[in-house]
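Q: One structure coming up, written as structure tokens, with questions to follow.
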Amino acid sequence: MLNALSTDLYELTMIGGYYVKGVSGRATFDLFVRQLPPTRTYLVAAGLEQALDFLESLRFTPEDIDFLRTVPALARLPRSFFDDYLPSFRFTGDVSAVEEGTPVFAHEPLLRVTAPLAEAQLVETALIAEVMFPTSVASRASRVVEAAAGRSVMEFGARRAHGIDAGIRAARAAYVAGFDATSIVEAGKRFGIPLSGTMAHSWVMASASEADAFRAYADVYREDAVLLIDTYDTVAAARMIAASGLRPRAVRLDSGDVAALSREVRRIFDEGGLRETAIVASGDLDELRIAEIVASGAPIDGFGVGTAISTSSDAPALSGVYKLAEIERDRQLVPVIKKSPGKRTYPGCKQVWRVIRDGVAAEDVLTLTDAAPPADAQPLLTEVMRKGARLSRPSLTAIRERCRQQVALLPRDVRRLIDGRNYRVTIRIES
């Protein structure tokens with residue numbers, strides 16, 4: 001669980017320094033991605049709800065403060081920092097953000113935080129982590145949904161994730177991007193995501209025969225039974241099911257040439273009167289393999305995707321940063337800029353505009369908030385938190401539907417899985 005210590009030490013040394021020097025003015029920070037990974041032509045914003053939960057609940061507990069008193073790097077701070085300042089520390093700022101499920105591009109702020117400098121500074125690490133990982137997962141999941149071309153897709157990756165909590169967050173991000181279900185039960189409880197699961201090979205191996213295993217499972221789960229049929233011989237298992245009188249809702253293929261096997265299984269089932277039994281494929285699938293399977297015309301009705309989603313294995317880390325854009329001086333917020341080679345920033349308080357022409361996103365325009373908006377454009381950054389209190393709490397269903405609609409607005413060649421066209425982002429800010 002996130003708490004006030006979910007931060008890097010230098011954030012605490014800085015807020016200690018601000019306290020000692022009496023620096024209390026407001027500042028604006030932008031959270032954005034410097035560049036897209038080579039395998040992405042767009043990202044899907046995710047993680048905002050958890051980020052706002054963190055900001056709203058930010059507190060230093062007595063136990064947190066007792067620990068910080070023992071940290072050598074903070075030993076020179078006055079007692080009043082620990083006795084008076086930290087116990088009353090809260091996030092009281094304003095946040096504008098791109099809504100979850102919205103496609104975004106390099107240099108576009110996903111979040112804009114304006115708060116007293118110490119408050120805005122402390123939350124940097126947690127906000128980057130809370131937004132960038134789900135955004136990475138949702139972005140790849142969107143590609144998988146595109147590849148599946150209307151077929152059901154289920155998230156199976158918690159066991160491959162970098163910790164169970166990461167797996168749970170990945171399940172939510174995948175659902176936002178259009179996945180239909182997850183296998184990790186806690187995500188179902190926490191977020192209301194539909195759950196999906198079959199059986200393991202161990203169920204089959206623990207029985208005296210494959211036929212006994214299937215019958216026992218079907219006795220318990222009846223018309224909802226989904227049977228895993230590749231433990232020994234996929235085709236033989238399909239023939240046995242067709243001859244046995246079993247009527248499973250679906251079967252799952254988890255190994256081998258699933259496209260070729262699905263054709264043979266479909267033939268056997270259709271001839272045996274199991275036309276309603278669906279075929280689901282899993283096993284180290286990603287968007288490119290799924291696209292190949294779909295293009296081949298294989299009779300597969302759904303896909304289970306694990307590692308590729310829960311680790312975003314082809315692009316596991318985004319170049320997400322949180323940079324100061326303006327600072328209060330003499331009671332006025334003034335733009336500031338970073339000029340480091342390769343890490344230059346754009347100054348000032350910004351807005352991202354999406355230009356829609358003929359029902360298709362034509363380009364994005366990054367401007368300062370006081371600039372005139374482009375024609376046919378809609379703003380992407382909206383206020384979601386004011387004075388430390390969130391302004392709304394959209395349902396996950398609404399977020400998911402928004403993602404479906406907003407991704408569909410992107411040009412088809414931008415959504416292409418291989419050699420996708422780069423989307424145009426025009427920056428109208430002097431740097």
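The values are calculated or read from the model by the stated rules, or taken from the named source; none is laboratory data. From a predicted model like this one, the values you see are computed outputs, not experimental measurements. Here Cβ is always computed from backbone atoms with ideal geometry, including for glycine, and neighbour counts include all displayed protein chains.
Q: Got a number for residues in segment 246-290 being of a type in the set (Ser, Thr, Tyr) and not in a loop (DSSP other than H, G, I, E, B)?
A: 1
Q: State which residue is farthest from ALA291 (Cα to Cα) when the search covers only segment 225-270 and only residues that are small (Gly, Ala, Ser) and in contact (Cβ under 8 Å) with a residue 40 or more places away in the chain.
A: Result: ALA250.
Q: Look at segment 357-379 and say how many of its residues are surrounded by fewer than 14 Cβ atoms within 10 Å (Cβ to Cβ) and touching a Leu at 6+ places or on another chain (Cβ under 8 Å).
A: 2
Q: Restricting attention to segment 299-341, which residues are of a type outside the set (S, T, N, Q), part of a strand (DSSP E or B) and more than 25 Å from the chain's Cα centre (by Cα)?
A: The answer is ALA325, GLU326, ILE327, GLU328, ARG329, LEU333, VAL334, PRO335.
Q: Just give me the residues in segment 241-266 being of a type outside the set (Val, Ile, Thr), closer than 19 Å to ARG215 by Cβ and in contact with a helix residue (DSSP H, G or I) (Cβ under 9 Å, 6 or more places away or on another chain), in sequence order.
A: Selection gives ALA242, SER244, LEU246, ARG247, PRO248, ARG249.
Q: To continue, here is another question. Check ASP165 against each of (1) assigned by TED's automatic domain parsing to the domain that holds PHE91; (2) more than 28 Å from LEU409 (Cα to Cα) and name the one condition it does not meet.
A: It fails just one condition, (1).
Q: Evaluate segment 412-427: report whether one residue or more is farther than 26 Å from ALA174 by Cα, surrounded by 12 or more Cβ atoms within 10 Å (Cβ to Cβ) and modelled with pLDDT of 95 or more.
A: Within segment 412-427, one or more residues are farther than 26 Å from ALA174 by Cα, surrounded by 12 or more Cβ atoms within 10 Å (Cβ to Cβ) and modelled with pLDDT of 95 or more.
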